[in-house]
């Protein structure tokens, strides 16, 4: 085998020493994703696309149960539409990719490649909505968006194109809009926990950090192993901002014309980056079993003898489990078992089965867990059930580990000195007066932003003083350095 | 109710008299799709997106069973890559949408919005493929593509953006590539038949009509009610054309470096346009049941009395069927039953249940089929089973009707006079010498192109003379005017 091929699955960086170099090596060398011919845009290879598609399907199922319908809107947005909501265009225009020509013709108006679809969708909403009978509208698109990041792009974490869901709704009342917010955030918490094995902290974003055009934004913030926060799925209450900019009015039951209340919300492929950072180790990816394209790999070992019998036994095992578990029999003759172990380890396959002479003789199977490295021998009888519970246990182990890490890296402080010492090590939870000036000063002096105002900690603000200015605190804020 | 609302579901055009005006009215007024703020780009509203998504899922399942894996590649393609294969760039560049700016910066190289992804994908293939061990590669993406049509755009049929699958594979041998071609065309025939209820004619495209960059293209051609053909899904054998342009070589088992053989294939949202044209009638859409977001609509009728009992009975019916059949209880109080009939008829819902006093009293249900208009009364007992077989029967009826139409509009001719008389009325099946000159002349003189060379008729060419020049025929060609 050429040396080039032997090297391709090697990792030299250590996660604890240089997480960003480790991250790049692990996602590229494991063939999870790749760079492309377009700077800052990436390729989703089969394993990453499978993970995304599975997360997408799970989320989509819950959206549909909640009453959301899928639609699709154009990829391009005319410049004049993008400009209709002032804050919105200011937030997005620095990163917009512009179409100026089609074939050899220059267009009469520039078209933006969608950075987000509020403006193109609400133009339609304004034509579709006439009466209270047309409400609510709860639509969603699954699409790719382009934001031309000028900072150093990183696959999955900061790509110039990413995949996401984009939910857009219109309600007659604020109460209905707020009810939807909680419903959607519950769905996002559920899928991040049950599929990505990622815990997170739910809360409101500050005025400075909210979405351009929203009246309030909510997010789920993940904590990465280096103590930096990473923003997960989010939800924006737009109030009547866009409704006024796009003239989305309806005649209510009382005969009066009113503006609708709107929400938008999203989960993106960035979650896969958070998943890699959280669960991976120095051997490579560690995939949560539900998102693993291959959950169990079967490796026959027949150094000397009994090749046919061992292969037959391996095939029998594969036949036995393959309808219930996504499994792959690695009977490639041109690679050694050791080579195969490395390959499937860097690719993060949750379980490896080793089938050799000993297993054949005793009608047993040797099982190796990717998450803990633990090895045990199990019976052929009841194999699929044993493996299924093992896969569930791997998921729980990954989630508990991440949750323990999160819980042990939330630092409640009252004094600015303590905040400064702890910044960069996790979520520093401090009382805050709500002023943008204090928020700016802390950022300037420590590099920490307010990731969000954790919903479950707000009751603690009472009687506290702002960590920066000493005035009465209105909120408890999570200060963190962030991805 | 405002007059505007009353009018929105009306059709004035007749399918038999003015099919293009009828088509526009039916797809827009039924709220299947809509125009957007971008000229030539359309909005997929819930019913059309559901139909596409269901077709996509069915196709995807069959692709996966066949061994194809999903991936995702960037939306943009650098100009220099697009230019690597000469015929390919000539075919696509007149319709390319070009990105020239990002934010306020001018890009150093123009980027094309993907019109098709050969070039960006094969650039990666050339880096991924080293040895016979890396083959075959059978990848697919589900994505949207942009082709800036300058002809009159029509929603679904000729849109500047459309949704499709794009399959791309690389094999060590031509035989494997050809085997895949048949496998994929079988899948396309199956999903068009079983989901869209559309028959078609499978065959090879001529040199002039093949895909830019391919050595041979195959298509499934549908026949529309106006006698025009519409190209359905297609498959292209690229041979080693792109492999040479992109230097995709592998070291074979014999140690020799060889170019791979490649295929590409696609099915698009154009199929939904063919579905509407084929099955719709003067009352609106007629949706094949598998692609209908709502398969059964339940309409309670309580003009005078027994409102509560009728509503309760309607709810009972809905509860009874809703887990097995996508059903909707239309209990909106603000619309009359007659209004509701019109609305669900134009929207093409396959079955309507009418529930009034008589049905309540006799514990029966009145069923109206959208495809035939037939009305019958069935028992509440066994309701879900009866409805399921009715839905199956509706599908078969739609398919048989379309198949009968197709079969009765294939006209085998030997003489040019007969071809000229029949052109525009269906597929005129005539012997052809294979020369591009004859093909051009026929097109010039009659307006008919060769839609394809039907696979099941090629044996009839033997001993025949070309319909145009009288030389020996090599093929039987389907001449038709086309969408």
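Details
- From least to most packed, judged by other beta carbons within 10 angstrom and beginning with the fewest, B:208, B:151, A:84 follow the order B:151, B:208, A:84.
- For the stretch A:251-273 versus the stretch A:437-483, the inter-centroid distance based on Cα atoms is 28 Å.
- The long axis of helix B:46-65 is offset from the longest Cα principal axis of chain B by roughly 50 degrees.
- Relative to the longest principal axis of the Cα atoms of chain A, the long axis of helix A:19-29 lies at roughly 60 degrees.
- Given R0 = 60 Å, the distance between the Cβ atoms of residue B:304 and residue A:320 translates into a calculated FRET efficiency of 0.40.
- For the stretch A:178-215 and the stretch A:302-344, distance of Cα centres in Å: 43 Å
- Here the contact order of the stretch A:1-153, divided by its residue count and restricted to Cα pairs under 8 Å and six or more residues apart, works out to 20 percent.
- Mean residue ellipticity (222 nm) of chain B, computed from DSSP H runs ≥ 4 via -39,500 (n - 2.57), nearest 500: -10500 deg cm²/dmol
- Here A:120, B:410 are placed in order of increasing Cβ neighbour count within 10 Å, fewest first, which gives B:410, A:120.
- Pairwise FRET efficiency - residue A:362 versus residue A:182, Cβ, R0 = 56 Å, nearest 0.05: 0.55
- Here the stretch A:126-189 yields Rg over Rh of 1.12, to two decimals, using C-alpha coordinates and the Kirkwood radius.
- Directionally averaged projected area (convex hull, Cα atoms, the protein assembly as shown), nm²: 44.7 nm²
- Label-point spacing at residue B:375 relative to the other copies reads 7.6 nm, in ascending order, each point sitting 7 Å out from Cα along Cα→Cβ.
- Averaged over the residues of peptide B:158-171, the number of Cβ atoms from other protein chains lying within 10 Å of each residue's Cβ is 1.
- DSSP beta bridges fully contained in chain A are about 80 percent antiparallel.
- Counted over all Cα-Cα pairs of chain B, pairs farther apart than 30 Å make up 54 percent.
- Residues in the stretch A:116-134 that a label on residue A:256 would reach, taking backbone N under 13 Å of a point 7 Å out along Cα→Cβ: none
- Label point 7 Å beyond Cα along the C-beta direction, distances from residue B:339 to other copies (nm, shortest first): 7.2
- For chain A, the longest principal axis of the alpha carbon atoms and the long axis of helix A:270-279 meet at an angle near 40°.
- Peptide B:124-136 has a mean of 2 when you count, residue by residue, the C-beta atoms of other protein chains within 10 Å of its C-beta.
- Taking every C-alpha pair closer than 8 Å and separated by at least 6 residues, the mean separation divided by the residue count of the stretch B:410-480 gives a relative contact order of 42 percent.
- The value of relative contact order for chain A, using C-alpha pairs under 8 Å at least six residues apart, is 14 percent.
- Spatial extent of the stretch A:289-405: Rg and Dmax, with the Cα atoms as the point set, Å: 14.0, 47
- Chain A Cβ-axis minimum, rotational copy B, residue and distance in Å: A:100, 2
- Antiparallel bridges, percent of DSSP beta bridges restricted to the stretch B:410-480 (to nearest 5): 75 percent
- Shortest-first distances to equivalent copies, position residue B:175, nm, label 7 Å out along Cβ: 7.3
- Among B:11, B:272, a tally of other beta-carbon atoms within 10 Å of each Cβ gives an order, fewest to most, of B:11, B:272.
Coordinate-derived values only; no laboratory data. Here the structure is a predicted model, which means the values were calculated and not measured. Cβ: placed from backbone, ideal geometry, glycine included. Neighbour counts: every protein chain shown.
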